[in-house]
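Colleague: I am attaching a structure below and will ask some questions about it afterwards.
The values are calculated or read from the model by the stated rules, or taken from the named source; none is laboratory data. Source: prediction; values computed, not measured. Here Cβ is always computed from backbone atoms with ideal geometry, including for glycine, and neighbour counts include all displayed protein chains. The accessibility values were calculated without ligands, DNA or RNA, using every heavy atom of the protein model including side chains. Shrake-Rupley method; radii C 1.70, N 1.55, O 1.52, S 1.80 Å.
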Amino acid sequence: MGLTKKWFLVRQACHCELGVDLYGRDYYSNPKSLDEKDHNSANLFDNLLAGSEAEASSGRAVLTQKEVIAGREARTAAHSLAFSLGLLACYPEEQQKLYDHIKSVSYEDMHSLTRSLAVLYETMRLFPPVPDPFRAAARDTTLSTYPAFQEHVKGETSTQNERRTIFIPKGSTVSMDVPGFNYNPRYWDEPYEFKPDRFMGKYDKDTFIAFSLGPRACLGRRFSEVEAVAALSLITLRYQIKLDPARFTIIPDESHLAMRARLLKIRQGLTLAPASLPLLFRKRVWQWANGDREGPFYCTLVSSNA
């Protein structure tokens, strides 16, 4: 029996991933293999490499070779961006906070877009791109962990906060329950709430595992963060993000959580993605300060009825 259409597409995607890996390894083992006269007809991957090398020769900060290869993770950033836009539509007060923050940041100082990054992190906490990554044990090892659930028997001392050691034999496959970790009140206050402010101050970085941790963490983390923060900031700056009443029923006095549950239904593919996103983007109208159009960050909103 042949593959269904869905699994045929999955196999094609896997072959594409393998092709990019092999191409990248071959290029970096022989970086001059691409003839200079073919640059105009090169593909996107070649252009990324050429652009990175050109910026490096000018002394500007550039992405590393591994980060350029990791650009294929853009689809993960796109899904997280989609969830972020949906959440901002459900939480207009958070959208206003983000908009006010972006206006206060200079166009050249992208590293100061801390609230945009906080919105992205909080989105990835609520909707992790890869909810169940797995690892294979290369040797016998042990894990020291808390019990996921401990039933308290009346008259007995609770062992909820006692660690236990779990033996992992070589060759075992260990799957991480990322949503279970992200919604654990042991690590997150009000875990079901959308609260970007939790990432605006100090927090335990070991409790944020959207990109995994350790030597096997996501190779494309920096690429995804830069791409998603830039897109989220520009979209929020130029448009008001609203729910589309023609495609989504708006219930008066409905809680944020209930609205979010109806809006952000998920579909599970290679990564987590929203099943649909009925949103409206209302363009903001600007009045430029002193008539000097220096850039999108140096302007004042006059009206949003466009």
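Colleague: Are any residues in the stretch 230-272 of a type in the set (S, T, N, Q) and either touching a helix residue (DSSP H, G or I) at 6+ places or on another chain (Cβ under 8 Å) or open to solvent by 70 Å² or more (accessible area, probe 1.4 Å) (or both), and if so, which ones?
Modeller: Residues of the stretch 230-272 that are of a type in the set (S, T, N, Q), as a first pass: 233, 236, 240, 249, 255, 268, 271.
Across the stretch 230-272, the qualifying residues are SER233, THR236, GLN240, THR249, GLN268, THR271.
Colleague: What number of residues in the stretch 216-229 are surrounded by 15 or more Cβ atoms within 10 Å (Cβ to Cβ) and in a helix (DSSP H, G or I)?
Modeller: Summing the residues that are surrounded by 15 or more Cβ atoms within 10 Å (Cβ to Cβ) and in a helix (DSSP H, G or I) in the stretch 216-229 gives 9.
Colleague: Could you tell me which of the residues LEU257, LEU277 is part of a loop (DSSP other than H, G, I, E, B) and in contact (Cβ under 8 Å) with a residue 40 or more places away in the chain? I'd like the intermediate steps shown before the answer.
Modeller: On the way: LEU257 fails: part of a loop (DSSP other than H, G, I, E, B).
LEU277 is the lone residue from the list that is part of a loop (DSSP other than H, G, I, E, B) and in contact (Cβ under 8 Å) with a residue 40 or more places away in the chain.
Colleague: With the condition kept exactly as written, say whether any residue in the stretch 211-222 is among the polar types (S, T, N, Q) and either outside the structural domain of PRO92 (by the TED database) or closer than 24 Å to HIS101 by Cβ (or both).
Modeller: From the stretch 211-222, those among the polar types (S, T, N, Q) are 212; that's our starting set.
Subsequent filtering for residues that are either outside the structural domain of PRO92 (by the TED database) or closer than 24 Å to HIS101 by Cβ (or both) retains none.
No, the conditions are met nowhere in the stretch 211-222.
Colleague: I would also like to ask the following. Take the residues in the stretch 102-135 that are open to solvent by 80 Å² or more (accessible area, probe 1.4 Å) and of a type outside the set (Ser, Thr, Tyr); name whichever of them is farthest from LEU264 (Cα to Cα). Lay out the reasoning, then the answer.
Modeller: Going through the stretch 102-135, the residues open to solvent by 80 Å² or more (accessible area, probe 1.4 Å) turn out to be 104, 107-108, 111, 132, 134-135.
Now restrict to residues that are of a type outside the set (Ser, Thr, Tyr): 108, 111, 132, 134-135.
Details: GLU108: 33, HIS111: 29, ASP132: 19, PHE134: 25, ARG135: 29 Å.
Only one residue fits best here, namely GLU108.
Colleague: Does VAL68 satisfy the condition of being surrounded by 15 or more Cβ atoms within 10 Å (Cβ to Cβ), under 19 Å from ALA231 (Cβ atoms) and modelled with pLDDT of 85 or more?
Modeller: no
Colleague: I need every pair where a residue in the stretch 185-207 that is more than 15 Å from GLU94 (Cα to Cα) has its Cβ under 6 Å from the Cβ of a residue that is open to solvent by 60 Å² or more (accessible area, probe 1.4 Å) and in a loop (DSSP other than H, G, I, E, B), sequence separation at least 6 or different chains.
Modeller: PRO191/PRO185; THR207/TYR187
Colleague: I've got another one for you. Quick one: is LYS202 in a loop (DSSP other than H, G, I, E, B) and either more than 19 Å from VAL119 (Cβ to Cβ) or at pLDDT 90 or above (or both)?
Modeller: Working: in a loop (DSSP other than H, G, I, E, B): yes; either more than 19 Å from VAL119 (Cβ to Cβ) or at pLDDT 90 or above (or both): no.
No: the conditions fail for LYS202.
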